[in-house]
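The values are calculated or read from the model by the stated rules, or taken from the named source; none is laboratory data. Source: prediction; values computed, not measured. Note: ideal-geometry Cβ built from the backbone for every residue, glycine included; neighbour counts use all protein chains shown. Surface accessibility is based on the protein's heavy atoms, side chains included, excluding ligands, DNA and RNA. Shrake-Rupley method; radii C 1.70, N 1.55, O 1.52, S 1.80 Å.
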Amino acid sequence: MNPPPDFSSSLVPGAGNLPKQVLVAPDGARAEIYLHGAQVTSWIPASGSERFFLSRLSQFTTDATIRGGIPVVFPQFGLTGPLPLHGLVRLMPWELSDAKNSTDTASATFRLRDTDDSRRHWPHAFLAELAVVVGGNQLAVTLAITNTSAEPFAFTSGLHTYFSIADLATTTVAGLTGLRYCDAAAGWVDHQETAAHIEFTGEVNRIYFDAPAEVRLVEPHRTTLIRAAGFADTVVWNPAAAKCATFSDLEPDDYRRFVCVEAAAIAKPIQLAPGERWQGSQTLLA
Ligand code: TA6
């Protein structure tokens, strides 16, 4: 059987006139991805409502990062090295290399290569590809990095996903019990997780090492499954009130509206030989 015509997915002007790819699967599931940073900003499963937080104060300009959705972190997570916070590619213009519909999904792939400017910060040649597939109650996002230079390089990375939540007080993250984690909100001290459900009663900014493939974002009315592959670590972040107030692109009470659960490769940087390719993915099930 032939797939239905690709009538619904299209590249359109988004906020700030920045181009965004809208994906619409045959069953009505939707995703939106800005070429700026290849940042997914919206995911609406076939049987549901918006699952990503996107700040009403987010800037949509080429020199700012979009606050919400899935910022792509590469080649440095956070401030773990000398590069700008969370690396370079979330501020760079990616190109749409492919978009298509199948009988049950809509998908698109975005590509980015190193530039003179990226090499000034990080002197390596790379090809980054982000594949986004939406359909039914699932969104799959896969980041692939190819070393196109003549020398090996190492990087850290992540998919910094902002989930929209109804009420922070009744939201928990489950699946990380027993893991060693580093608490960035309390002096980068190492701990072992004893809670079955991580609660948000203050700032949470933790890197869980060697995380399991599946973590759950649990709310009273729904649970989101978050499956990671290729990323060894999981970051859980909520800034709480005081830290939230320091972000110019967040409203004072926005911290109540999102929790970040991030598939990340931090503790063991990914090493790539010339020509070698790595990929990591985060698959979300509503
Ligand atoms: O992943 C959590 C984190 O590294 C926090 O420390 C926090 O500051 C955040 O990401 C957001 O970073 P950004 O550069 O987007 O403001």
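Data table
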item: Sites ASP253 and ALA125 - FRET efficiency at Förster radius 51 Å, r taken between beta-carbons, to 0.05; result: 0.70
item: Per residue accessible area of the range 12-152, 1.4 Å probe, in Å²; result: 39 Å²
item: Between the range 56-81 and the range 220-234, the Cα center-to-center distance that results, in Å; result: 20 Å
item: Extension gain (nm, one decimal) between ASP98 and SER49, 0.36 nm per residue minus Cα-Cα; result: 15.0 nm
item: Protection-proxy order for peptides 246-254, 207-215, each taking the mean of Cβ atoms within 10 Å per residue, highest first; result: 207-215, 246-254
item: Residues in the range 73-112 that a label on GLU276 would reach, taking backbone N under 19 Å of a point 7 Å out along Cα→Cβ; result: 74-77
item: Estimated inter-spin distance, SER10 and ALA150, nm [label 7 Å along Cα→Cβ]; result: 4.7 nm
item: Helix-only [θ]222 nm of the chain, DSSP H runs n ≥ 4, -39500 (n - 2.57) each, per residue, nearest 500; result: -1000 deg cm²/dmol
item: Solvent-accessible area per residue, Å², over the range 160-210 with all protein chains present [probe radius 1.4 Å]; result: 46 Å²
item: Residue-span extension gain [LYS268 to ALA166] - 0.36 nm each, minus C-alpha spacing; result: 33.3 nm
item: Residue list for the range 117-140, given a label point 7 angstrom along the Cα-to-Cβ vector of ASP27 and an amide N cut-off under 20 Å; result: 132-140
item: For the range 252-284 versus the range 140-199, the gap between their alpha-carbon centres in whole angstrom; result: 7 Å
item: Whole-percent carbon and sulfur share, accessible surface of the chain, 1.4 Å; result: 53 percent
